[in-house]
1. Any residue at all in the range 497-511 that is touching a residue at least 40 places away in the same chain (Cβ under 8 Å), closer than 21 Å to residue 584 by Cβ and in contact with a strand residue (DSSP E or B) (Cβ under 7 Å, 6 or more places away or on another chain)?
2. Take residue 495 and tell me if it is touching a Cys at 6+ places or on another chain (Cβ under 8 Å) and either assigned to a strand (DSSP E or B) or not small (Gly, Ala, Ser) (or both).
3. Does any residue in the range 562-573 that is in a loop (DSSP other than H, G, I, E, B) come within less than 9 Å, Cβ to Cβ, of a residue that is surrounded by fewer than 11 Cβ atoms within 10 Å (Cβ to Cβ) six or more places away or on a different chain, and which pairs are these?
4. Pick from the range 106-137 the residues that are modelled with pLDDT under 80 and among the polar types (S, T, N, Q): which of them is farthest from the ligand (Cβ to nearest atom)?
5. Looking at (1) buried (at least 23 other Cβ atoms within 10 Å of the Cβ); (2) among the β-branched types (Val, Ile, Thr); (3) away from the ligand (no atom under 16 Å from the Cβ), which one does residue 250 not meet, given that it meets all the others?
6. Please work out which residue is farthest from residue 31 (Cα to Cα), limiting yourself to the range 469-484 and to residues that are assigned to a helix (DSSP H, G or I) and of a type in the set (A, V, I, L, M).
Amino acid sequence: MSQPEKVLVIADSITVGELAETLNLPVTQLVGELFKNGIVATINQRIDFETAQIIVEELGIDVELKRKDIEKAAVQRLHKPSDHAVERSPIVAVMGHVDHGKTSLLDSVLGMKTVAGEAGGITQHISAYQTVRKGRTITLLDTPGHEAFAALRQHGAALTDVVVIVVAADDGVKPQTIEAIRFARDANAKIVVALNKMDKETANPEMVKAQLASEHHLNPEEWGGDTVMVPVSAKTGDGVDTLLDMVLLVADIEELKADIDVPAEGLVIEAHMETGRGSVVGLLVEQGILKPGHFLVAGTSYGKVRTLLDFTGKTLKQAGPSTPVTVTGFKELPQFGDVFTIVKNEKTARLMVERAKIERERHAASTNVTGADLLKMMTQKHVSQELNVLVKADVQGSLTSVVDSLRLVDTGGEINLRIIGSGVGNISESDVRLAESSDAIIYGFNVVLAPAVKRLAMRDKVQVRLYKVIYELLDDARSSMESMLAPEVVETEIGSLQVKGVFRTLKDTVICGGEVLSGKVVANVLVRAMRGEEKLAEVEATSVQRQQIEAKEVFEGEMCGLSLKTHKKLQLEVGDRLEFFTRELVKRTLK
Ligand code: GDP
């Protein structure tokens, strides 16, 4: 067997974007290949080593993938606390296999029904809550789907201090349990295991402990190990207080601190648009004190904090470290996982965003951009047109895929694709109103359009396009953007002639004759009348004659007579040159 040309070393798992970059392939091609293999993946989604290997083989690329030896890349917090940092509350993520009781446990802890992902059917990546136990606050993150976590990891941010891994004691360790353990370890977070559903007769906590110990190196304390495992029942509430006590105990070992006398900084943990409120952005403050009126920059967006709310929707005067908040006031939606910072004023914010946008475009455009490309991108900043879209999809997974893929359609050229909003669920009347007010088209993926909504859309002339295949949707978006491109003017030279005699000059007609210098001369085309380098006029050739007989075409070296139609009087002279050409408008395609 022949040796592959190249050996590439990648980690245990890799995001689609990183793999594309490693393989020097367009992300869309990789997403397409994954799609063919039944994997709907987005640019930020992680695929494991084996999947990456299969895809590389399918693509027929002559590359061998090697697994990188796992050396723990230390995950850093954004900042190391200084000497005068103050104590902060622990940030705890609740993770585990589906149906093992994450949501129920959160409900039990918070004493309320969590409504994750139901805020008007709008995208929510992480929902964050706070609870108080024995006078101490605990910040809880609910991570529906672990992709959100992977995305955070990709940003190199250590968001969580403790991961509570929920394992149903009647079911044991399952794939997402293992995933959760891996994420916790990658993030350098402490692990506390909640052995849930203890009220069930079939609960077998010893079996779960044995699985965790033998297969995943999580040894329970009572067996001499160092992993805290707490039997609980989210249903009856038994053991839940103990679980929180243990979380605080484990967190205490870490001596969690943060500075408060520094500009506020943290992470974007959710972002969506809402009718009437504009951008609604979830932030987790990591250090400093965030207040209304502050200017924020996050990735390529900025804004002024208009309202600052806690997780229950109550207005806050300020928010310190470890506090999840919701703010309004961002001009554009920042991206999940972006780091936010406070800046002095709007001018600084705008400048930073400009720079970040150029940086992001540069990164997206190519892996090896030349200086000339960069210059071009910078001069193209006065982008003239935008295609606004609003996306609705049946489930969170496909919504993320559609939105991420649409972002890839936006190549940062003359036409920008702007996603003004996205959400899970059928297209509603308020979607139509939002689209109408922002002149957007609505893309529905695997969703339906109720007759009443359809009528409203027709009345308001809002375009709604429904798709079941992601590529058809993307093609549509691409051609919509292409149709917005001003057509290109293409001029084709046909021939030239030197004027040897001018026979008659009227107000709108010139009759002359001459010798064809190059190409050919034909009737019904455009003519540039030139004197040396000077362009006298642009006229039209209405007839061409050879020896007083109408001719179809006259070639180089031959003499002919011409009738030219002019808009204003044209005083041609012997020796002037006439250049014959056609002009067409050609529809352009996106680069
Ligand atoms: P998630 O997918 O991990 O968020 O799991 P859910 O919280 O939605 O729970 C899945 C199912 O298990 C639901 O039917 C819950 O009522 C049930 N459940 C969760 N915790 C317990 C528990 O402690 N005891 C019992 N008997 N059922 C539970």
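The values are calculated or read from the model by the stated rules, or taken from the named source; none is laboratory data. This structure is a prediction, so every number in the text was calculated from the model and none was measured. Glycine also receives a Cβ, built like all others from the backbone with ideal geometry; neighbour counts cover every protein chain displayed.
1. no
2. Values: touching a Cys at 6+ places or on another chain (Cβ under 8 Å): no; either assigned to a strand (DSSP E or B) or not small (Gly, Ala, Ser) (or both): yes.
No: the conditions fail for residue 495.
3. Correct list of pairs: 566/506; 566/507; 568/507; 569/506; 569/507.
4. 123
5. Looking at each condition in turn, residue 250 falls short on (1).
6. Applying the first criterion (assigned to a helix (DSSP H, G or I)) to the range 469-484 yields 470-484.
Subsequent filtering for residues that are of a type in the set (A, V, I, L, M) retains 470, 473-474, 477, 481, 484.
Details: 470: 11, 473: 14, 474: 12, 477: 17, 481: 21, 484: 26 Å.
Going through the qualifying residues, I end up with 484.
Here is a yes/no grid of residues against (1) of a type in the set (Asp, Glu); (2) more than 16 Å from residue 502 (Cβ to Cβ):
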{"residue": "532", "(1), (2)": "no, yes"}
{"residue": "535", "(1), (2)": "no, yes"}
{"residue": "546", "(1), (2)": "no, yes"}
{"residue": "556", "(1), (2)": "yes, yes"}
{"residue": "560", "(1), (2)": "no, no"}
{"residue": "567", "(1), (2)": "no, yes"}
{"residue": "573", "(1), (2)": "yes, no"}
{"residue": "578", "(1), (2)": "no, no"}
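Results for (1) within 51 Å of the chain's Cα centre (by Cα); (2) surrounded by fewer than 20 Cβ atoms within 10 Å (Cβ to Cβ); (3) among the hydrophobic types (A, V, I, L, M, F, W, C), shown as yes or no for each residue.
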| site | (1), (2), (3) |
| --- | --- |
| 543 | no, yes, no |
| 558 | no, yes, no |
| 576 | no, no, no |
| 580 | yes, no, yes |
